[in-house]
Amino acid sequence: MLAAAEQALFAGMRREQERDTTPQDFPALPVIPVGRYTDPRFLELEERYLWKRSWLYALHSDELPRVGSFRLWRKTGSPIVIVRGKDDRIRAFYNACRHRGAPLVEADQGQTQGFFCRYHGWSYDLAGRLLAVREKRDFPGLDLACRGLLEIRCERLGNWVFINEDRDAPPLLEHLGVIPQHLANMQLERMRFIGAKSFDIACNVKVLLDAFLETYHLKSIHPQTVDRFLDSRGTYSVLWPNGHSVMATPHRRPDWKDPGAVGMPEVASADSIFVHQNVSYNVYPNLVTPISSTGIPFCLFWPKSARQMTVEVHWFAPEGAQDHELWPTRMANFERILEEDTQFAPHIQESVECGGFDGMCLSYQERRIYHWHEELDRRIGAAVPSELRIPRVLDAWVSRD
Ligand code: FES
Ligand SMILES: [Fe+2]
């Protein structure tokens, strides 16, 4: 991270700790209409304009260890196969044979030399080129070069692989804005994947995601865990273009160390803020990650239906620290906190559906949630039903650095 950016976060936390009113020019945030969490028309637009057209974290390159390693990835509803090619490049394709759409792979993960369709036997190489068509004599004029697998945008930040079904999306690194610069000293190329877990929760994806964009709830639902070491009154949030944001929260004691991580190897070059404070990024739309010098969890929020979602936690460790004996304890501690965060989600879902609740009434501290929704409206554009649209009030609060 640039020294100036780090200093700005430290200064921001100090200002938040010291203030006794909301910053003067901060606007009152309009209520976010509850229909944005429930209305089928809105959720359909969200699926079309957000989930099918965003850079989404898919996997770590360690999860495709060899040439021909593949994963079948269905998080957006589309069947997508992600594979490591002979040139070591990771590519993503629709898992759809270009003949009549049969699947190329059926297992969730595996190892293959190429793709062979079991319906009529067309075959493709790992780069998606159509190699052979059975009884080609009956396809006069078929140009094999024009029937290769349909590729999906697939780009990397370090070893983290993101995909995007929108062919016209700007490149991942451009979309991420200043975030790669913030993580520049974290030796991302040397972060290793150590494991992932997922939990199904009975709520709309946004109901749970909202909880990860603020620290206002720390005193109430994390009194025995997070609130003991984080001073949520000092949380400083920065809103960035494209919906991204960060929140930096000071530790109650500057020398505090996570007992679950004491003695774990650290990224030697990590910025001091990642050693001594809690800095949590939202990579829009659905990745929340508190960056630490001893390891990084990715919390990923996936819609399954209007009222069902999955939260996943993927863990990454600095090279050499993958097998440290503390990892099981550290992951279990994190899960305990996650349980605290999820406890009300199904009840909130009941509230948002009951017809007797009008919407989310947000404070200054919860402005990242409003920012998230502003970006969603920007993505959907004119199609947002007028009664569900939220006024843009945060433009002056969006920072370029
Ligand atoms: S659908 Fe694949 S060969 Fe026919
Ligand atoms: Fe929480």
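Throughout, read-outs are computed from the coordinates displayed, never taken from laboratory work. None of the values given here were measured: they were computed from a predicted structure. Here the Cβ positions follow ideal geometry from the backbone for every residue, glycine too, while neighbour counts run over all protein chains shown.
Of note:
- Qualifying trypsin sites (Lys or Arg not before Pro) in the range 190-295, DSSP loop, other Cβ atoms within 10 Å at most 14: Arg252
- Nearest-20 debye value, the range 247-305 charge dipole, Cβ charges on Lys, Arg, Asp, Glu: 220
- Kirkwood radius, the range 61-154, all distinct C-alpha pairs, inverse of mean reciprocal distance: 13.4 Å.
- Taking 4.7 Å between C-beta atoms as the pairing limit, the chain has these partnerless cysteines: Cys146, Cys154, Cys203, Cys299, Cys354, Cys361.
- Value of [θ]222 nm, deg cm²/dmol, for the chain, DSSP H segments ≥ 4, -39500 (n - 2.57) each, nearest 500: -6500 deg cm²/dmol
- Size of electric dipole in the range 119-210: Cβ of Lys, Arg +1 and of Asp, Glu -1, about Cα centre, debye, nearest 20: 320
- Cβ-based exposure ranking for Ile337, Ile90, in which fewest neighbours within 10 Å come first: Ile337, Ile90
- Volume per residue of the C-alpha convex hull in the chain, rounded to whole Å³: 153
- Within a Gaussian network of the chain (alpha carbon springs, distance under 10 Å), most fluctuating of Phe42, Phe229, Phe139: Phe139
- Each of Ala345, Val205, Gln365 was placed along the dipole of the chain (beta-carbon charges, centred on the mean Cα), and the one lying farthest toward the positive end is Val205.
- Between the range 147-174 and the range 1-53, the alpha-carbon center distance in angstrom: 26
- Over 18 Å (Cα to Cα) - which of Lys219/Lys257; Lys86/Lys136; Lys75/Lys197; Lys197/Lys304; Lys75/Lys206 fall in this group: Lys219/Lys257; Lys86/Lys136
- Charge dipole of the chain (Cα centre as origin; +1 on each Lys and Arg Cβ, -1 on each Asp and Glu Cβ, all else neutral): 1180 debye, rounded to the nearest 20.
- Electrostatic tally near Pro254: other residues with Cβ closer than 13 Å to its Cβ, Lys and Arg +1, Asp and Glu -1, net +2.
- Each residue of the range 91-101 is assigned a 3J(HN,Hα), and the resulting list reads 10, 10, 9, 5, 7, 9, 4, 6, 7, 9, x Hz, derived from the Karplus form 6.51 cos²θ - 1.76 cosθ + 1.60 (θ = phi - 60°), x at Gly and Pro.
- The phi torsions of the range 161-176, fed into the Karplus equation with coefficients 6.51, -1.76 and 1.60 and a -60° offset, translate into couplings of 9, 10, 10, 8, 6, 8, 4, 9, 5, x, x, 3, 5, 5, 4, 6 Hz, rounded to whole numbers, with Gly and Pro shown as x.
- Cα-based values for the range 1-146, radius of gyration first and Dmax second, are 24.2, 79 Å.
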